[in-house]
Amino acid sequence: MIKKIVFLLVLLPTINFAQYTIKGQFPNKEDFKFAFLYQVTTQTSKFVNNAEIKDDGTFTFTLDKDQPSGTYRIVYNEPQDQYNFDFLFNQEDIELSYNFDEGLTFINSEENKLWTSYNKSMQMVGTSLNNFYMKGDNNEEDFTKIITILKNTQSEFEKAAEGKMVLNFITASKPYIPNQFVTAQEFTNNAKQDYFKHINFSNPVLQNSNFLIEATLNYIYNFIDQDHLNASYIKNIDTAVQAIGNNTDVKKVILEVLYNQFVYENIEVVANHIADAYLIQLATNQGDKALVEDLTYFKNASIGHKGYNFEIVIYDENGEATVKKMHELEDANTYLIVFWSTTCSHCLDEIPQLHNYVKTIDKKQLKVIAVALDEDRYRWKDMTYDFPEFYHVFGEGKWDNQIGNNYNVKSTPSYFILDKDKVIIKKPYDFEAFKDYFSKTLEE
């Protein structure tokens with residue numbers, strides 16, 4: 001009896017501390033120092049562990065036996081949103097390698113090998129189909145052969161993935177498969193109509209990954225009319241939102257990604273449609289006041305919107321002060337609002353150039369309103385005397401200033417061109433961009 005008890009005591013630690021390993025290799029240690037492992041969830045990523053990258057570029061993560069299955073992400077450099085890759089973990093040891101030429105290769109992992117193989121196989125069939133249409137071929141027999149391969153490939157991978165987590169992704173990726181010959185345009189139209197048919201936005205496995213986001217982005221950007229681009233984006237977004245259904249958390253995450261993408265691409269009309277039609281209400285319902293403010297400020301500062309109104313103290317030749325609202329100004333045909341700071345090196349370089357340029361322009365053509373997002377009122381006041389051609393406004397609080405916020409200013413200098421009705425018509429990147437634009441308008 002004593003021997004049996006001792007035997008169990010020896011075994012118990014082994015059972016309790018059994019682990020899985022994720023081994024990887026980068027080209028060499030000089031490129032990266034540490035690898036960080038995260039578990040991907042619907043709204044964020046949870047830190048799991050970190051590993052030092054050895055001199056030969058190898059690293060190892062150890063996971064407890066009860067580590068949840070799902071999508072995981074390895075981050076290997078800054079910025080994190082660029083230097084990372086995702087993979088599937090489902091209670092198995094994983095071995096992989098990563099380099100810039102070949103990307104991610106799995107040496108050991110049934111789940112990931114299957115997913116990689118599926119994507120490569122479907123890509124090859126897609127290439128064959130594209131080549132068929134590009135040749136203008138109407139041979140139904142050749143078309144049927146390609147579609148048969150497409151159908152069999154999907155079916156075979158679904159069978160191979162039975163009982164595995166990757167089956168969720170393979171079934172959700174099932175493409176449009178026609179039953180008879182269709183033209184290229186018919187194929188595109190039908191594929192668009194069929195796109196979300198197999199994607200279940202309520203599937204927690206898909207939610208805790210980038211799949212739903214990437215699938216939605218692919219739909220919105222691929223099925224477009226180049227002659228009516230923004231209208232196509234908006235129509236596709238509306239269709240995608242309808243497909244997402246009542247999954248408010250998932251919907252909000254996806255819409256935020258879409259919104260930020262169109263903001264980054266400076267396609268304001270589409271970004272504002274996402275905000276007005278969906279995102280502001282979702283954020284309001286969830287009590288996300290910060291997001292509601294960001295969306296509102298961006299819209300207020302968008303081209304085509306009347307600029308936020310604020311007070312300006314104007315001094316006449318005798319030094320008498322008059323307070324006017326920006327919307328009340330009738331000095332010129334065009335107004336330039338420039339946000340700057342007395343401690344901003346770029347501002348101190350561009351503001352004098354702007355002032356010198358303004359002195360060459362007819363005063364009825366252009367008036368500059370310089371808003372200093374600053375904290376030192378005395379230093380600002382001293383510097384304003386160097387730029388007498390401008391109207392000057394002190395934006396106290398710097399980044400926490402009502403005027404700057406309502407123009408969605410994230411950096412200085414920032415430029416906003418307004419017409420005589422104070423509607424924003426252009427947002428140049430810098431002084432040279434403003435000068436180039438305004439000089440051309442004077443020539444017209």
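Annotations for the structure displayed:
- Degrees, to the nearest 10: 184-194 long Cα axis against longest axis of the chain: 90
- For region 255-320, the Cβ-based charge dipole about the Cα centre amounts to some 380 debye (Lys, Arg positive; Asp, Glu negative; other atoms uncharged).
- Normalised contact order of the chain, rounded percent, pairs of Cα under 8 Å and 6 or more residues apart: 9
- Here the chain is assigned +1 on the Cβ of each Lys and Arg and -1 on the Cβ of each Asp and Glu. Its dipole about the Cα centre then comes out at about 1240 debye.
- Given the alternatives (1) 236; (2) 138; (3) 128, volume of the Cα convex hull per residue in Å³ as computed for this entry is given by (1).
- Centroid-to-centroid separation of region 207-266 and region 381-444 [C-alpha atoms, Å]: 33
- Comparing 244, 308, 281 along the charge dipole axis of region 219-324, the residue lying farthest to the positive side is 244, per the Cβ-charge model.
- Calculated FRET value between residue 174 and residue 135, using beta carbons and R₀ = 30 Å, to 0.05: 0.70
- The dipole here belongs to region 194-276: it is taken about the Cα centre, uses +1 on the Cβ of Lys and Arg and -1 on the Cβ of Asp and Glu, and is about 280 debye.
- For the chain, the longest principal axis of the Cα atoms and the long axis of helix 431-443 meet at an angle of about 60 degrees.
- Simple label model, 7 Å out from Cα along Cβ direction - residue 92 to residue 293, nm: 4.8
- Computed over region 287-377, the percent of Cα pairs more than 17 Å apart is 65.
- Estimated inter-spin distance, residue 107 and residue 284, nm [label 7 Å along Cα→Cβ]: 5.6
- Inter-centroid distance (Cα atoms) of region 107-164 relative to region 34-94, Å: 29
- Over all pairs of different C-alpha atoms in region 96-214, the reciprocal of the mean inverse distance, the Kirkwood hydrodynamic radius, equals 15.9 Å.
- Stokes-Einstein D (µm²/s) once Rh is taken as the Kirkwood radius of region 361-444 over alpha-carbon pairs, at 20 °C in 1.002 mPa s: 152
- Note on region 228-306: the C-alpha convex hull projects to 5.1 nm² when averaged across all orientations.
- Kirkwood Rh (inverse of mean 1/r, distinct Cα pairs), region 174-252, angstrom: 13.6
- In nm, spacing of pseudo-spin labels at residue 221 and residue 348 (7 Å Cα→C-beta vector): 4.0
Quick note: the coordinates plus some simple rules give every number you see, no bench work behind them. Please read all numbers here as calculations on a predicted model, not as lab measurements. Cβ coordinates were reconstructed from backbone atoms using ideal geometry, including for glycine residues, and neighbour counts include every protein chain displayed.
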